[in-house]
1. Out of all the residues in segment 170-191, which are assigned to a helix (DSSP H, G or I) and not hydroxyl-bearing (Ser, Thr, Tyr)?
2. With respect to residue 401, is the statement that it is surrounded by fewer than 20 Cβ atoms within 10 Å (Cβ to Cβ) and in contact with a Phe, Trp or Tyr (Cβ under 7 Å, 6 or more places away or on another chain) true?
3. List the pairs whose first member sits in segment 500-513 and is under 14 Å from residue 346 (Cβ atoms), whose second member is assigned to a strand (DSSP E or B) and among the charged types (D, E, K, R), and whose Cβ atoms are under 9 Å apart, counting only residues at least 6 apart or on separate chains?
4. Of (1) within 20 Å of the chain's Cα centre (by Cα); (2) modelled with pLDDT of 95 or more; (3) buried (at least 20 other Cβ atoms within 10 Å of the Cβ), residue 524 satisfies all except one. Which?
5. Tally the residues that are within 20 Å of residue 161 (Cα to Cα) and not aromatic (Phe, Trp, Tyr), restricting the search to segment 349-377.
6. Taking the criterion of being within 22 Å of the chain's Cα centre (by Cα), on the phi < 0 side of the Ramachandran plot, part of a helix (DSSP H, G or I) and not hydroxyl-bearing (Ser, Thr, Tyr), would at least one residue in segment 146-169 satisfy it?
7. Hey, could you check segment 370-386 for residues that are part of a loop (DSSP other than H, G, I, E, B) and either small (Gly, Ala, Ser) or open to solvent by less than 10 Å² (accessible area, probe 1.4 Å) (or both) and say which is farthest from residue 240 (Cα to Cα)?
Amino acid sequence: MATIPLSWSGSVPSSFSPLPQHRRSFTAKPPHFSGQIHRFAVSCNQTNEGQNQEYDPKDVENSRGKLDRRNVLFGMGGLYSAVNLVPSTSPAIATPISSPDFTKCTKGTNLNTNQPLDVNCCPPVSTSIINYKLPPVDKMRVRPAAQLAGEEYYAKFEKAISLMKALPADDPRNFMQQANVHCAYCNLTYEQKGDPDVKLQIHNCWHFYPWHRWYLYFYERILGKLIDDPTFGMPFWNWDHPDGMPMPERYARAASPLYNARRNPTHLSPAVLDLAYAPNSSTAQDKIIPNNLTIVYGEMVRNVKKLDDFYGDKYVTGTAPNPGPGSVERGSHTAAHVWVGEATSTGEDMGNFYSTGRDTLFFAHHANIDRLWSIWRNLRGSQPKDYTEADWLEADYLFYDENADLVRVNVKDTLENEKMGYVYQDRDLPWLKKRPTARVKKSAVAKTSKAPEAAGNFFPVKLDKVVKVLVPRPKKSRNKKDKEKEEELLVIEGIEVDTSKFVKFDVFVNDEDDKPDELDKAEYAGSFSQVPHKNSTTVKTKIRLGLTELLEDLDAEDDEKVLVSLVPKARGEDISIGGIKIIYA
């Protein structure tokens, strides 16, 4: 049984000092709950966490005089090229993404029209950067399921948020400054170091999980310091469990500091989050929960045999934004963002990258995504859990910590949440037993269909209506050893979209009943969707969907072709598809 310590002082604790003079040189420029705890079979040394971070003078550098250690790592990335081939969107010789130069943050531009935007989410600029070292862990911070945390816990949490909102506007720990962290990193306001012609974007690629883990880590530590409790853990929105699918009730109380007026009023509790959500498409109420569980199963089990399919595509210096999102990011992650935000074309606050951090529910939502990352790694067993490439492990980002110090962090320190000092309250995983069954086994639909072949002259095609295409399978009747050696994947590439718009389409294989709101079936292969940006640009991206298990469930492993249906759910007229094929990874 685990409980959360509940004591705090009624004002900012004496240990939370105002910004020291040397840190005020910023420019204006830019209820108790009980239950088991998710430990994910990860060990860590139990020592002392409550102390201030220590660092050597050599770890402090002038922000204008950085030694580019990417030059040292330049040759290291090549060591892994035989195992992890660089996609065509990446430079032939890659270096990891490096933390941005805050002095070059911009208000942003609509890259489709080259018109400037009046969205200033640039952070304060500090004169020094500390290379962050994870402090030793004395006692784990426990993150509770939001629907199970009681009155005393929420009183404490609300106190911390109130104090964060009361900090001076130029304090980087202030609520709006923290919201702007996401806006700046995710809204194309920074240029890439090493390639200033390319914008930095940590979404829709392999940086999605580690960057957001660091973001939540420092947010949580700031809240803990405000209430003088280094063991404070933020709640997670447990939307992968039926009793956690409604929006947590406490967030909807107008008098609470957790409240945000820019939410869709029809989606407040007791409405159940629809992970298949699209604004102009409705799902029958009795279908939402089974659909949700099927979606999470697909994102966490069926479609993620390979690292790229869970994490997203490789993104290094010189890679254009949005090379390809992972399974959770393009699915349930996006659905929850858009479902919560206002029912407008831009979806503020939660439904747009630039404003989403202004909603406290964002952090509960992403805490659950972070939790799912830890669960997925644990489910892998002896299979690879992480990339071994320096291009991923040595990538770094900048954040302000609980002491208002600007710190540099890297991906390799995020891989085990326990080493970062926190765990999750344990919850059942009903989706894990939700492997869908086929509506029709041994379907002849691919043999009898008059749909066109997935040939080059058929593409590109707009999704202004349902598109069906026959896709040949280069290999069939594969045995168990073949399947263990190679995963069969459906690749949908050249997905061209405007990032300022919410778009979505679902993918079905050999589907005979043509009921697009019913996803609780083996014929459902997955989906693509995106959270809109304020800074828009047109991108081409791709997704990969696992077929090995799906074809087993459909009893279609001997088929020479499969019938793929692309069903537009939101702004199909703004989606263009460049090609569809089957590969073996």
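The values are calculated or read from the model by the stated rules, or taken from the named source; none is laboratory data. Because the structure is predicted, anything quoted here is derived from the model rather than measured. Every residue, glycine among them, receives a Cβ derived from its backbone with ideal geometry; neighbour counts consider all protein chains shown. Calculation scope for accessible area: heavy atoms of the full protein, side chains included, ligands and nucleic acids excluded. Shrake-Rupley method; radii C 1.70, N 1.55, O 1.52, S 1.80 Å.
1. We begin by selecting, within segment 170-191, every residue assigned to a helix (DSSP H, G or I); these are 175-186.
175, 176, 177, 178, 179, 180, 181, 182, 183, 184, 186 - these are the residues of segment 170-191 that are assigned to a helix (DSSP H, G or I) and not hydroxyl-bearing (Ser, Thr, Tyr).
2. Numbers: surrounded by fewer than 20 Cβ atoms within 10 Å (Cβ to Cβ): yes; in contact with a Phe, Trp or Tyr (Cβ under 7 Å, 6 or more places away or on another chain): yes.
Criteria met by residue 401.
3. Listed by first residue and then by second, the contacts come to 503/569.
4. For residue 524, the exception is condition (1).
5. Within segment 349-377, residues that are within 20 Å of residue 161 (Cα to Cα) and not aromatic (Phe, Trp, Tyr) number 14.
6. Filtering segment 146-169 for residues within 22 Å of the chain's Cα centre (by Cα) gives 146-147.
Now narrow it down to the ones that are on the phi < 0 side of the Ramachandran plot: 146-147.
Among the residues that remain, those that are also part of a helix (DSSP H, G or I) are: none.
So far as segment 146-169 goes, no, none of its residues is within 22 Å of the chain's Cα centre (by Cα), on the phi < 0 side of the Ramachandran plot, part of a helix (DSSP H, G or I) and not hydroxyl-bearing (Ser, Thr, Tyr).
7. First pass over segment 370-386, keeping only residues part of a loop (DSSP other than H, G, I, E, B): 380-386.
Still in the list and also either small (Gly, Ala, Ser) or open to solvent by less than 10 Å² (accessible area, probe 1.4 Å) (or both): 381-382.
Values: 381: 21, 382: 25 Å.
It comes out as 382.
Conditions (1) surrounded by fewer than 24 Cβ atoms within 10 Å (Cβ to Cβ); (2) over 30 Å from residue 550 (Cβ atoms), marked per residue:
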residue: 312; (1), (2): no, no
residue: 318; (1), (2): yes, yes
residue: 322; (1), (2): no, no
residue: 326; (1), (2): no, no
residue: 330; (1), (2): no, no
residue: 333; (1), (2): no, no
residue: 336; (1), (2): no, no
residue: 355; (1), (2): no, yes
residue: 359; (1), (2): no, yes
